[in-house]
Amino acid sequence: MVRSRDVDQGSVTVEAAISLGALIFVFALALAGLSAFITQLRCMDAAREAARLIARGESGAAAGTAGMIAPGTGYSAIVTGDTVIVTVTGGGGLLPGVRPQGSAYAVLEPGNAE
């Protein structure tokens, strides 16, 4: 009596394991992209608020506000003449090569030239 061997035995398990690993990778990549998008929005909001505060003459509160809105970000402000440009840059995050950044432009209010 000769036993027949099924060569496909266990292939469904292997395919399921590979598919599950790929699904988890795609899900993690989507979450990393969503995190980068949210950080981008926070950088834009922080830059807008900081530019508004500097335009009003409250430059001391601008850095703290930017750090509160978008924690872990860098902040720079350039005042030229009667305008200010604020740039808030986020950290690298989980996606290599993606650095969220937001910039805002504001005109200084009269009497607040720094």
Has segment 50-57 got at least one residue that is touching a residue at least 60 places away in the same chain (Cβ under 8 Å), surrounded by fewer than 16 Cβ atoms within 10 Å (Cβ to Cβ) and of a type outside the set (Ser, Thr, Tyr)?
no
Picked from segment 10-26 (must be at pLDDT below 90 and in a helix (DSSP H, G or I)), the residue nearest to LEU94 (Cα to Cα) is ALA17
Those residues of segment 25-68 which are within 17 Å of PRO100 (Cα to Cα), more than 12 Å from the chain's Cα centre (by Cα) and polar (S, T, N, Q) amount to none
Inside segment 67-96, the number of residues satisfying the requirement of being modelled with pLDDT under 90 and touching a Phe, Trp or Tyr at 6+ places or on another chain (Cβ under 8 Å) is 1
So, first residue touching a residue at least 24 places away in the same chain (Cβ under 8 Å) in segment 10-37, second residue assigned to a helix (DSSP H, G or I) and polar (S, T, N, Q), Cβ within less than 6 Å, six or more apart or across chains; the pairs are none
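Would you check which residues across segment 69-114 are assigned to a loop (DSSP other than H, G, I, E, B), more than 20 Å from the chain's Cα centre (by Cα) and of a type outside the set (A, V, I, L, M, F, W, C) and list them?
Passing the criteria: GLY81, ASP82, GLU109, PRO110, GLY111, ASN112, GLU114.
The values are calculated or read from the model by the stated rules, or taken from the named source; none is laboratory data. In this text, all values refer to a predicted model and were calculated from it rather than measured experimentally. Neighbour counts run over all protein chains shown; Cβ positions are idealised from the backbone, glycine included.
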